[in-house]
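Undergrad: The structure's right below; bear with me while I get my questions together.
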Amino acid sequence: MNEISTLARSFAQLARNAEKDKSSIAISKEPIEDPSLEIHTLGNRALRQEARRIAKVDESIRELTREMLRSMYSAKGIGLAAPQVGINKQLLVIDTDLETPSTPPLVLINPEIIAFGASLETYEEGCLSIPGVYLDVIRPSSIKVSFRDEMGRPKKMNADGLLARCIQHEMDHLKGVLFVDRVKNEEDLSRELKEHGFEQKDVRALC
C-alpha cells in the first residue's frame, strides 16, 4: 500500500511538472484584422534604440509575447522583435513554420549568441519594418544562442539555415540595427528603397 502511494505521488508530481513546463503563449496563427501592436517602419526612431534586458519574466511579458505574435502572424512574418512595436525590451518571437498550426513559436528573452559557425552565407532577407524590400545579406550560416523562454527558463540551442538567419536578423533589432544596414550592394539598396517609398538617409551603413 505504501509503495502504491509513493508511486501515485511520483506520478502526480511528474504530471504537475509537465503542466508547469507547458508553453502558455500558444495562439492561433490566423491573421486578425486589427492587432493591438503597430509595427513601426524604417525612419521611426524607435527602431534605432538599444533594447533593455528583461529583469523578470512574468505574465505581463507573456501577454506582450502573445500580442507580438498576433501582430507578426497578421503581417505574415516569421520574426518580430519588441523594438519593432515600440517596446524597448530584449524579446523576440519567431515562427518559421506558419503553415502548421501545431508547431509552437520560438520565444527568446534576453538572447545572446555564444558561438558562430565558420561559414558565411548570402541570402535574401526582408523585414516587417521595411515592407516590400528584399535584399541579399551575408551572415554566419549557423549559431549557438542562449536565452530565456516565455516561462523564464534558461535555454541554449543550436540553429542553422533559415532559423539561424532569422534569429540574427531579429537580434540586430535589439541593437537598433536593420538588415538594410548590412546590405553591400548600394545600387540595389537605393533602387529598392526608392521603389517602396523609403529614404536612403534612414539607412546606417555598418563599418
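Undergrad: Magnitude of the Cβ-charge dipole of region 26-199, K/R +1 and D/E -1, about the Cα centre, nearest 20 debye? Can you show the working numbers first?
TA: On the way: 23 positive and 29 negative charges, 172 e Å.
Using Cβ point charges on Lys, Arg, Asp and Glu, region 26-199 gives about 820 debye.
Undergrad: Here is a further query. Sort 121-132, 77-88, 180-191, 105-116 for me by packing, meaning the mean count of neighbouring Cβ atoms within 10 Å per residue, highest on top. The partial results should precede the final answer.
TA: Details: 121-132: 16.8, 77-88: 22.5, 180-191: 15.0, 105-116: 19.0.
Packing order, densest peptide first, comes out as 77-88, 105-116, 121-132, 180-191.
Undergrad: Here's a follow-up. Could you work out the local net charge near Ile109, counting Lys and Arg as +1, Asp and Glu as -1, over the other residues with Cβ closer than 13 Å to its Cβ? Don't skip to the answer; put the middle values down first.
TA: Details: positive: Arg52, Arg53, Lys56, Arg62, Lys89, Arg148, Arg153, Lys155; negative: Asp58, Glu112, Asp149, Glu150, Glu170.
Around Ile109, the charge tally is +3.
Undergrad: Checking the table Lys89/Lys201; Lys89/Lys144; Lys155/Lys194; Lys76/Lys144; Lys144/Lys194; Lys29/Lys56 against a 32 Å threshold on Cα-Cα, which pairs fail? Kindly include the intermediate steps, with their values, before the conclusion.
TA: Values: Lys89/Lys201 26 Å; Lys89/Lys144 21 Å; Lys155/Lys194 41 Å; Lys76/Lys144 26 Å; Lys144/Lys194 36 Å; Lys29/Lys56 27 Å.
The pairs that break the limit, which is 32 Å between Cα atoms, are Lys155/Lys194; Lys144/Lys194.
Undergrad: Assuming R0 = 25 Å, what is the FRET efficiency of Leu120 and Asn158, from their Cβ-Cβ distance, to the nearest 0.05? Please list the in-between numbers first.
TA: Values: r = 17 Å, r/R0 = 0.68.
Working from the Cβ atoms, E equals 0.90.
Undergrad: Which value in deg cm²/dmol, rounded to the nearest 500, describes the helix-derived mean residue ellipticity at 222 nm for the chain, given -39,500 (n - 2.57) per DSSP H run of n ≥ 4 and division by the residue count? Write down the numbers at each step before the final one.
TA: Working: 4 runs with 59 residues, N = 207.
The helix contribution divided over the chain gives -9500 deg cm²/dmol.
Undergrad: Right, something else. Helices from the chain with mean Kyte-Doolittle at least -1.0 and a Cα length along the axis of 20 Å or more, per DSSP H: which? Please report the intermediate quantities before stating the final value.
TA: Values: long enough: 2-21 (28 Å, -0.70); 59-74 (22 Å, -0.78).
Span-like helices here: 2-21, 59-74.
Undergrad: When N counts the residues of the chain, how does its alpha-carbon radius of gyration compare numerically with 2.2 N^0.38 Å, as a ratio? Numbers along the way, then the final one.
TA: On the way: Rg = 19.5 Å, N = 207, 2.2 N^0.38 = 16.7 Å.
Dividing the Cα radius of gyration by 2.2 N^0.38 Å gives 1.17.
Undergrad: Here's a follow-up. If you add up the charges near Gln200, with Lys and Arg at +1 and Asp and Glu at -1, over every other residue whose beta carbon is less than 11 angstrom from its beta carbon, what do you get? The partial results should precede the final answer.
TA: Details: positive: Arg191, Lys194, Lys201, Arg204; negative: Glu186, Glu192, Glu199, Asp202.
Charge balance near Gln200 sits at 0.
Every number here is computed from the coordinates shown, using simple stated rules; none is lab data. What you see is a predicted model, and the numbers here were worked out from it, not measured in a lab. Heads up, the Cβs are rebuilt from the backbone with ideal geometry, glycines too, and the neighbour counts pull from every protein chain shown.
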